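The next block holds one structure in the form of structure tokens; read it before the comments.
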Amino acid sequence: MITSPSPLARRTPRLLDTPGTRLRLMVLSTGVHHCVGIDLASGVLVRAWSFAPVDQRLSPYDLVDVTVGGGPDLVPDPSEPDALVISGPPVYAGQLTGRRAARLIRPLLHPQKAPLLGFHGATVPFWERRPDHPSVAIAEPQGQVAVTTDSGTIWCHFAWGLRPQVLVCADPRLAAWMQRTGRDRAAVREGTYLVVALEPPVEGHCHKVVESLVPRR
């Protein structure tokens, strides 16, 4: 079942499915215990949380099969409107490219004039999180995007709504490439999408991170 609340930062429906429902997602990013993807059947952006670790070899545009599970306690932030608990890790099922992939992403792009994830700044107090604010978004910055490294941390630099943004970048593929090439800075190809997400709360605050750089297909 799809519901349509009124989130501040995105006008997209939410997916509410009963345990046992099988979904096929197009992957956009992964974390240790979650996968961000678009449900092929509904076009809804979801953040699927798994008790078992998620395969970090999954890449943007991979297709995965997941089964909706129970146990809402698995979600670290109960206010996440895009959260979905799955019964096991996502299972690779192929790839999606070309126009169909672009058609899935385009309607979900974060509005340019709205603050990323509904608020300015890089952090938000956990107690101020609201269920009408998304925990993940697909951003298409206008202008140059660059990445740098400092003391082992990768930072993503871009502008959003005329405001400079400097967020931690947690993309494992980018980290591997920068380590392999010895680069400490690089320009990101124009048109690349950024998957911006809120990390689970640390010391009472949730931090914005760039989970993935998604090249345009």
Expressed in nanometres to one decimal, the distance between label points 7 Å along Cα→Cβ at residue 159 and residue 109 is 1.7 nm
For the range 159-217, listing GluC sites (Glu not before Pro) in a DSSP loop whose Cβ sees at most 14 other Cβ atoms within 10 Å gives 190, 203
For the range 21-38, in residue order, the Karplus 3J(HN,Hα) values (coefficients 6.51, -1.76, 1.60; θ = phi - 60°; whole Hz; Gly and Pro = x) are 5, 9, 10, 10, 10, 9, 5, 10, 7, 9, x, 4, 10, 8, 9, 9, x, 10
Each label sits 7 Å from Cα toward the beta-carbon; between residue 176 and residue 56 the label points are separated, in nm, by 1.0 nm
If the label point sits 7 Å along Cα→Cβ of residue 21, residues of the range 83-114 with amide N under 20 Å come out as 83-91, 104-105, 108
Taking only the Cα positions of the range 95-217, the convex hull volume per residue in Å³ is 123 Å³
Surrounding charge for residue 119, neighbours by C-beta under 13 angstrom, Lys/Arg +1, Asp/Glu -1, total +2
Taking every other residue with Cβ under 11 Å from the Cβ of residue 60 and scoring Lys and Arg +1, Asp and Glu -1, one gets 0
The rounded separation in angstrom of the Cα centers of the range 25-82 and the range 132-170 is 21 Å
Full extension between residue 77 and residue 192 adds, at 0.36 nm per residue less the Cα distance, a length in nm of 38.6 nm
By the C-alpha gyration tensor axes a ≥ b ≥ c (rounded if a/c is under 1.5, else prolate when a/b exceeds b/c, else oblate), the shape of the range 48-125 is oblate
Lys and Arg at +1, Asp and Glu at -1: neighbours of residue 85 with Cβ under 13 Å from its Cβ sum to -4
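Bear in mind that the values in this text are calculations on the coordinates, not laboratory data. Because the structure is predicted, anything quoted here is derived from the model rather than measured. Every residue, glycine among them, receives a Cβ derived from its backbone with ideal geometry; neighbour counts consider all protein chains shown.
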